[in-house]
Amino acid sequence: MTAAFTDQRLIRAPRAFGWIDLAVVGLLAGFIYALVTVAREWSGPLQQVPQIHLEARYLPLYALLSLTRGVMAYGVSFLFTMVYGYTMARVTGAERVMLPVLDILQSIPVLGFLPGFVLGLVHFFPHQNIGLEIASVLMIFTGQVWNMTFSFYSSLKSVPPDLLAVARLTRMSWWQRFFRLDLSFAAHGLLWNSMMSMAGGWFFLMVSEAFVLGEHDFRLPGLGSYMSLAIERGDGWAQLLGVLTMLGIIVAVDQVVWRPRGRSDA
């Protein structure tokens, strides 16, 4: 009797399909749809002056495309920071050359990189939109990367000698030392400078999505080109909608990405 009762308690009824499962399925479907939409935009035919719509119903699409470019630029900035900053801080004698080069690059205005990026990539991809997309990402990259690299370099240079000695005594591998010591020690500064870098990317969004070179007017569908066209036409309502959409994205990224990382880092 007791055994039968125990066995019956161990048997659990199958869990019903709830709203959490529905939300997960919806998020997955939305992610797949966003991925397909961005891929279609990148692989589309090159149009020097694509049609930009000022209707409010296009704003979610433009927000998705702009956010994707900003996130991709941040990914490139992060990889550059890891490689360049680590080499500059840890390789003997490297900072004598790499530090002045980095200082010179950060002193060049964002628009100074524009002609080379656009003309070179359009030449490599004359029939597809991917050249302009890469140029836009690299333009945003130049507005994000410098303070992240300087922060990472400064953090690595300020690691206490005692911790470096402990890493040597415990015979940590290069990989273990990088993750357990260097990256952990630099995480706080890297987090806050990442927030500043994303802010810099939003600041140069209009420049990176709508640029004029001679007789060629290159525009990419996004919030930057939306705002540029709204300003050209003097459409105050469209300008307000663009600003509110950008503000909503910034707040959403802050709540979903930066604030949780800040609390865990604290």
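In this structure, does His188 turn out to be under 24 Å from Tyr86 (Cα atoms) and not hydrophobic (A, V, I, L, M, F, W, C)?
So His188 fits the description; yes.
Being out of contact with any Phe, Trp or Tyr (no Cβ under 6 Å at 6 or more places or on another chain) and β-branched (Val, Ile, Thr) narrows it down to one of Val145, Val97, Val76, so name that one.
Answer to the selection: Val97.
Ala230 - would you say it is outside any loop (DSSP other than H, G, I, E, B), more than 22 Å from the chain's Cα centre (by Cα), small (Gly, Ala, Ser) and more than 27 Å from Leu138 (Cβ to Cβ)?
no
Answer yes or no as to whether Ala29 is farther than 30 Å from Ser197 by Cβ, at pLDDT 75 or above and not acidic (Asp, Glu).
yes
I'm trying to understand the selection: among the residues of the stretch 158-185, which are of a type in the set (Lys, Arg) and over 20 Å from Gly85 (Cβ atoms)?
Arg168, Arg171 - these are the residues of the stretch 158-185 that are of a type in the set (Lys, Arg) and over 20 Å from Gly85 (Cβ atoms).
Can you confirm whether the stretch 115-126 contains a residue that is in a strand (DSSP E or B), touching a residue at least 24 places away in the same chain (Cβ under 8 Å) and farther than 21 Å from Leu205 by Cα?
no
If I filter the stretch 54-91 down to residues being among the hydroxyl-bearing types (Ser, Thr, Tyr) and surrounded by fewer than 17 Cβ atoms within 10 Å (Cβ to Cβ), which single residue comes out as nearest to Ala135 (Cα to Cα)?
Tyr58
Would a scan of the stretch 168-182 turn up a residue that is surrounded by 20 or more Cβ atoms within 10 Å (Cβ to Cβ) and of a type outside the set (D, E, K, R)?
no
Which of (1) closer than 30 Å to Ile52 by Cβ; (2) in contact (Cβ under 8 Å) with a residue 12 or more places away in the chain does Leu191 not meet, given it meets every other one?
(1)
Quick check on Ser194: is it touching a Gly at 6+ places or on another chain (Cβ under 7 Å) and either within 18 Å of Val76 (Cβ to Cβ) or surrounded by fewer than 16 Cβ atoms within 10 Å (Cβ to Cβ) (or both)?
No: the conditions fail for Ser194.
Mind listing whichever residues of the stretch 128-145 are more than 14 Å from Val207 (Cα to Cα), more than 14 Å from the chain's Cα centre (by Cα) and assigned to a helix (DSSP H, G or I)?
Selection gives Ile130, Gly131.
The values are calculated or read from the model by the stated rules, or taken from the named source; none is laboratory data. These figures come from a predicted structure and were not determined experimentally. Every residue, glycine as well, gets a Cβ built from its backbone with ideal geometry; the counts of neighbours run over all protein chains shown.
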